[in-house]
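Below is one structure, written out as structure tokens, with a few remarks after it.
The values are calculated or read from the model by the stated rules, or taken from the named source; none is laboratory data. Quantities reported herein were computed from a predicted structural model and do not represent experimental measurements. All Cβ positions, even for glycine, are placed from backbone atoms using ideal geometry, and neighbour counts span all protein chains on display.
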Amino acid sequence: MRICIFGAGAIGGLMAAKLAAKGDVEVTVIARGPHLAAMQAKGLRLVSEGQETVVRPRCVASAEEAGPQDYVVVTLKAHSLPGAARQMQPLLHDGTAIVSAVNGIPWWYFYKLPGPFEDRRVASVDPDGSLWELLHPSRAIGCIVYPAAEVPEPGLIEHTYGDRFTLGEPDGSRSERANALSAALVAAGFKAPVRPRIRDEMWVKLWGNLAFNPLSALTTATLDVITGDPELKSVCRQMMLEGQAVAEKLGVRFAIDVDKRIAGGAEVGAHKTSMLQDLERGRPMEVDALLGSVVELADIVDLPAPTCRTVLALLRTRARLAGCY
């Protein structure tokens, strides 16, 4: 089994390190700059539960050098994917699966989704349709990422918590390719269930991100403040209820209620969301994957979502002024 990690930052590096340590699969990492140079020179270092492990997966700078793969795990930020799709083509053979470990609504969301919107494109994350054409949804396996990790220095991954990557086919089937990937991840020490309703779990994660991330970028507040301040919490709750209404119109079932989801965010404590971290570092923010796509889906199902629309307008302006959009 050949598995390529395309964009081996914190999460991709964590997955690569543990898969390579197990040694049952051929792992290739595509990275760039000092991170790539450090991995090539000294190996990929992983610190997890106080233990450091050094592994030496194949580390390359391009898809051409990597060659065809059985699985390509994409751990890029969502806005980087359209620009990378053409670069990924040398990785693909007829049976290559693309494991979409990307935040927010993915380009393949409506593929094999029963109902009136089946095979509809999501313009906010696939503006020109190139993702659908170059990375056809028939290749996609959904992946919900739960671990947290950082890259404190080139070549080093610090794993802070979490060990689950939930997998799921867009059509809900328990396919041979999903089962084989699950087995490889489990052998490497992860939890990797294959779920028949991957969009349900996708929305539970997005449910928090669509509110916590934008509000943190607009206010610079950490999660404990967003979930603890009555006014911010009220805005957060209203955005999440609007998102829930959109998702339910598309057939999603929520296993928990909104207040439990907010409480889950509060438990994380004084944490800066990824969007706030990107803003502070002057990096592009996942505006459209986390909130723009939700508003687009609200239009598709003919719901108003006024709070989400207002926050999206403010967020886009904040991002543009900061050079992060």
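May I ask you to list pairs of residues, at least six apart or on different chains, whose Cβ atoms are under 9 Å apart, with the first in the range 67-84 being free of Cβ contacts under 8 Å to residues at least 24 places away in the same chain and within 14 Å of Ile105 (Cα to Cα) and the second being hydrophobic (A, V, I, L, M, F, W, C) and outside any strand (DSSP E or B)? Matching pairs, first to second residue: none at all.
Close Cβ contacts (under 6 Å, 6 or more residues apart or on different chains) running from residues in the range 16-27 that are within 17 Å of Val73 (Cα to Cα) to residues that are surrounded by fewer than 24 Cβ atoms within 10 Å (Cβ to Cβ) and of a type in the set (D, E, K, R) comprise Glu26/Arg2. Consider the range 107-134 and keep the residues that are buried (at least 18 other Cβ atoms within 10 Å of the Cβ) and out of contact with any helix residue (DSSP H, G or I) (no Cβ under 8 Å at 6 or more places or on another chain). The one that is nearest to Asp299 (Cα to Cα) is Phe110.
Determine whether Gly251 is touching a Lys or Arg at 6+ places or on another chain (Cβ under 9 Å) and on the phi > 0 side of the Ramachandran plot.
Values: touching a Lys or Arg at 6+ places or on another chain (Cβ under 9 Å): yes; on the phi > 0 side of the Ramachandran plot: yes.
Here the answer is yes, as Gly251 does meet what is asked.
In summary, Thr160 fulfils each of the numbered conditions (1) without any contact (Cβ under 8 Å) to a residue 24 or more places away in the chain; (2) β-branched (Val, Ile, Thr); (3) touching a Phe, Trp or Tyr at 6+ places or on another chain (Cβ under 9 Å) with the single exception of condition (3). Exactly one residue out of Lys249, Lys233, Lys272, Lys260 is assigned by TED's automatic domain parsing to the domain that holds Leu206 and out of contact with any helix residue (DSSP H, G or I) (no Cβ under 9 Å at 6 or more places or on another chain), and it is Lys260.
Picking from residues in the range 291-325 that are crowded, with 18+ Cβ neighbours inside 10 Å and assigned to a loop (DSSP other than H, G, I, E, B), the one that is farthest from the chain's Cα centre (by Cα) is Ala305.
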